[in-house]
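The values are calculated or read from the model by the stated rules, or taken from the named source; none is laboratory data. Keep in mind that what you see is a predicted model, and the values were worked out from it rather than measured. FYI the Cβ positions are ideal-geometry reconstructions off the backbone, even for glycines, and counts take in every protein chain you see.
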Amino acid sequence: MHPAPPRPLPALLAAMPKAELHIHIEGSLEPELMFRLAQRNGVRLPYASVEDLRKAYAFSNLQSFLDIYYAGASVLVKEEDFYDMAWAYLQRARHDNVLRAEIFFDPQTHTARGVAMETVIGGLYRACQDAHNLGLDAELILCFLRHLSEEDAFDTLEQALPFRDRFIGVGLDSSEVGHPPEKFARVFARCRQLGLHLVAHAGEEGPPEYVWSALDVLKVERVDHGVQSAKDPALMKRLAQDRIPLTVCPLSNLKLRVVPTLEQHNLRALLDAGLVATVNSDDPAYFGGYINANFLQTFAATGLDVRHAYLLARNSFEASFAEPSAKQRYIERLDVEFNTA
Ligand code: ADE
Ligand code: ZN
């Protein structure tokens, strides 16, 4: 027997088993499917064609993206729309060798238009169940929109509780600056009592103080983005010591101008500081790439190597909310891929 020849890094990045922990399902809605659903539901889009819509995807910051992202979600009306969108993502994720996906959804974007919570969760959950046939474990995380009130978040939680067994946690997303985590202290405390996992976007555009607040007030188990933490050495120490994972989204950070170039992304610095950083796609239909594109382009731009690849994939499983036995299974498969088993 000869040992397997070493694989080129891009092939290894694509083939390695991984978990995706930061993907907004509404951000996986590709323009082609958006137009198909618009036609199916008789919804008018303010764009003449797929090409026209893609041309609008030139963002200057988070808000300029969110305005288009919420408008795009208006084509989602029926249970099968939510199913079709999620199923399209899950197939792409499986192709990228994602073994586990923890998927965000924004119910308020839909319930505010009169779509029932049952319709939203029903379609998404059915796709997650069907993903088991692809060899992919998929779970849902309900996100509250932080530009809305805490009262609205409480209402949303109430509407979702009949489906408590269909989502594993809650998150916090949308416009960050001006909407600090502590605005949602009470609703997160309630979710904690209910045994839900807790995550929040913090330190995407907002300051390190928002990351502190997510940790100390909301008591989150993971921080989504968190890249601004690097501005605060004491915060970096805290994140490393408590092994609080960051779900980093490099192509998102590039497209929303959080970083000027991918070469200047601080992923390597986060890993060097001992943080449990992971790589994710955020809103892949809008930011030009799914999870493997994020890995490939970031590694090419920053010169990360095979050891970083292993560490990032391992971190993704460790940072997931999977059962310990499932985590062990995922990591065994990772070790086989890297010939370290
Ligand atoms: N909703 C979808 N994508 C988001 C992001 N990158 N930041 C905040 N909210 C979001
Ligand atoms: Zn996000």
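Any residue at all in region 69-92 that is farther than 26 Å from residue 175 by Cα, in a strand (DSSP E or B) and in contact with a Lys or Arg (Cβ under 6 Å, 6 or more places away or on another chain)? Within region 69-92, not a single residue is farther than 26 Å from residue 175 by Cα, in a strand (DSSP E or B) and in contact with a Lys or Arg (Cβ under 6 Å, 6 or more places away or on another chain). Listed by first and then second residue, the pairs linking a residue in region 237-253 that is exposed (fewer than 14 other Cβ atoms within 10 Å of the Cβ) to a residue that is β-branched (Val, Ile, Thr), with Cβ atoms under 7 Å apart and 6 or more places separating them unless they lie on different chains, are 243/276. Contact map, region 53-72: first residue over 13 Å from residue 26 (Cβ atoms), second residue more than 13 Å from ligand 1 (Cβ to nearest atom) and in a helix (DSSP H, G or I), Cβ cut-off under 6 Å, separation 6 or more or different chains; pairs are 53/31; 54/31.
Do you know which residues across region 143-159 are more than 14 Å from ligand 2 (Cβ to nearest atom) and crowded, with 21+ Cβ neighbours inside 10 Å? Hits for region 143-159 are 153, 156. Considering only residues that are touching a Lys or Arg at 6+ places or on another chain (Cβ under 7 Å), assigned to a helix (DSSP H, G or I) and among the polar types (S, T, N, Q), which ones fall in region 310-326? The one that is touching a Lys or Arg at 6+ places or on another chain (Cβ under 7 Å), assigned to a helix (DSSP H, G or I) and among the polar types (S, T, N, Q): 316.
When 307, 257, 314 are checked against the criterion of being in contact with a helix residue (DSSP H, G or I) (Cβ under 8 Å, 6 or more places away or on another chain) and among the basic types (Lys, Arg), 314 stands alone in meeting it.
Taking first residues from region 20-46 that are more than 30 Å from residue 322 (Cα to Cα) and partners that are among the polar types (S, T, N, Q), the Cβ contacts under 6 Å between residues at least 6 apart in sequence or on separate chains come to 43/74.
Considering the conditions (1) more than 13 Å from ligand 2 (Cβ to nearest atom); (2) in contact with a Pro (Cβ under 7 Å, 6 or more places away or on another chain); (3) of a type in the set (Lys, Arg), residue 222 is excluded by exactly one of them, (1). Checking 285, 322 one by one, the residue that is in contact (Cβ under 8 Å) with a residue 60 or more places away in the chain, crowded, with 17+ Cβ neighbours inside 10 Å and within 21 Å of residue 197 (Cβ to Cβ) is 322 and no other. Here 49, 64 are screened, and the one residue that is surrounded by fewer than 19 Cβ atoms within 10 Å (Cβ to Cβ), polar (S, T, N, Q) and within 16 Å of ligand 2 (Cβ to nearest atom) is 64. Look at region 170-182: where a residue is more than 13 Å from ligand 1 (Cβ to nearest atom) and a partner is at pLDDT 95 or above, sitting 6+ places away or on another chain with Cβ atoms under 6 Å, you get 170/142; 170/191; 170/196; 180/210; 180/213; 182/213; 182/217. When region 207-234 is limited to residues that are out of contact with any strand residue (DSSP E or B) (no Cβ under 9 Å at 6 or more places or on another chain) and not in a helix (DSSP H, G or I), the one that is nearest to ligand 1 (Cβ to nearest atom) turns out to be 207. Residues being away from ligand 1 (no atom under 16 Å from the Cβ), more than 22 Å from residue 248 (Cβ to Cβ), among the acidic types (Asp, Glu) and modelled with pLDDT of 95 or more are entirely absent from region 14-31. The helices (runs of 4 or more DSSP H) falling completely within region 98-182 that include 3 or more residues that are out of contact with any strand residue (DSSP E or B) (no Cβ under 9 Å at 6 or more places or on another chain) map to 117-130, 150-160.
You will find that of 258, 223, 211, the residue that is of a type in the set (A, V, I, L, M), crowded, with 21+ Cβ neighbours inside 10 Å and more than 19 Å from residue 315 (Cα to Cα) is 211 and no other. Determine which member of the set 73, 86, 101 is within 16 Å of ligand 2 (Cβ to nearest atom), among the small types (Gly, Ala, Ser) and touching a Cys at 6+ places or on another chain (Cβ under 9 Å). One residue alone meets the criteria, 101.
Scanning region 29-49 for any residue that is in a helix (DSSP H, G or I) and either in contact with a Phe, Trp or Tyr (Cβ under 7 Å, 6 or more places away or on another chain) or among the hydroxyl-bearing types (Ser, Thr, Tyr) (or both) turns up nothing.
Yes or no: residue 199 touching a strand residue (DSSP E or B) at 6+ places or on another chain (Cβ under 9 Å), of a type in the set (Val, Ile, Thr) and within 20 Å of residue 294 (Cα to Cα)? Taking the combined requirement at face value, the residue does not satisfy it.
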